[in-house]
1. Take segment 117-138 and flag every residue that is hydrophobic (A, V, I, L, M, F, W, C) and at pLDDT 90 or above.
2. Please list, ordered by first then second residue, the pairs with beta carbon atoms under 7 Å, 6 or more apart or interchain, first in segment 108-136 and without any contact (Cβ under 8 Å) to a residue 60 or more places away in the chain, second within 13 Å of the ligand (Cβ to nearest atom) and of a type in the set (A, V, I, L, M).
3. I'd like the full set of residues that are of a type outside the set (Lys, Arg) and under 18 Å from the mean Cα position of the chain (by Cα), limited to segment 160-181.
4. Give me the residue from segment 26-69 that is charged (D, E, K, R) and either surrounded by fewer than 21 Cβ atoms within 10 Å (Cβ to Cβ) or assigned to a helix (DSSP H, G or I) (or both) and, out of that set, nearest to the ligand (Cβ to nearest atom).
5. If I filter segment 93-113 down to residues being part of a loop (DSSP other than H, G, I, E, B), of a type outside the set (Phe, Trp, Tyr) and more than 15 Å from the ligand (Cβ to nearest atom), which single residue comes out as farthest from the chain's Cα centre (by Cα)?
Amino acid sequence: MNTNSPSAKAEALIASLEQYGQGDYIGESISQLEHCLQAANQARDTGARDELVIAALLHDIGQIIPLESTKEVRMNLKESSENVGRVGHEAIGAAYLKSLGFSETVCRLVNSHVAAKRYLTAVNREYYDSLSSASQKSLAFQGGPFQGDELREFEEDPLKDEMVSMRLWDDRAKLVGIEATTPRAGAYLDMIVSHLS
Ligand SMILES: [Fe+2]
């Protein structure tokens, strides 16, 4: 079998999501896999385009797959980024997906967690208040709420609305006990295959 074909790549990705996503989602009572499935399902329920659904499903792939599989990706990031210490799982995930052939849009959406948070905390006080104290604290290290040029740039980004939606689905994808009504990862296989084709 050609391991580089779209279907082989998609199947391997779904399999690693299922295999390695069993660990706890940091600080929550659901697994990382359930968290990803809930995010993707919210995207699908709103009728989002495929690239957004795929990004929601794979948004945390950078912290799910074993570090071993991202070794090359991380080495490249080190070479291309001055800011190695701050490269988080979003950037690793985006670079990993890029290496598999996912579109620029999917990769940018996956990489947008922090930017969307910095945007939402800048324009929505209630959003800021809704963050856990850990998340409020990490915001400071992430650069704080967007201001000035950064804020304007984000606002003008054609993907702005989708980045914000992703962030909100991500924040809400923490419900316990809804496995039975949440589609499994395999439900997205065909979508990923046609995206990669
Ligand atoms: Fe997440």
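1. Of everything in segment 117-138, those that are hydrophobic (A, V, I, L, M, F, W, C) and at pLDDT 90 or above turn out to be Leu120, Ala122, Val123.
2. Once the first residue is without any contact (Cβ under 8 Å) to a residue 60 or more places away in the chain and sits in segment 108-136, its partners that are within 13 Å of the ligand (Cβ to nearest atom) and of a type in the set (A, V, I, L, M) give Leu109/Ala55; Leu109/Met166; Val110/Ala55; Val110/Leu58; Ser112/Met166; Ala116/Met166.
3. Result: Asp161, Glu162, Met163, Val164, Ser165, Met166, Leu168, Trp169, Asp170, Asp171, Ala173, Leu175.
4. Restricting attention to segment 26-69, the residues satisfying the condition of being charged (D, E, K, R) are 28, 34, 44-45, 49-51, 60, 68.
When the remaining residues are screened for being either surrounded by fewer than 21 Cβ atoms within 10 Å (Cβ to Cβ) or assigned to a helix (DSSP H, G or I) (or both), the result is 28, 34, 44-45, 49-51, 68.
On the way: Glu28: 10, Glu34: 11, Arg44: 16, Asp45: 17, Arg49: 20, Asp50: 19, Glu51: 17, Glu68: 22 Å.
Here the answer is Glu28.
5. Only one residue tops the list, namely Gly101.
The values are calculated or read from the model by the stated rules, or taken from the named source; none is laboratory data. Because the structure is a prediction, the values reported are computed rather than measured. Glycine gets a Cβ as well: all are built from the backbone with ideal geometry, and neighbour counts include every protein chain shown.
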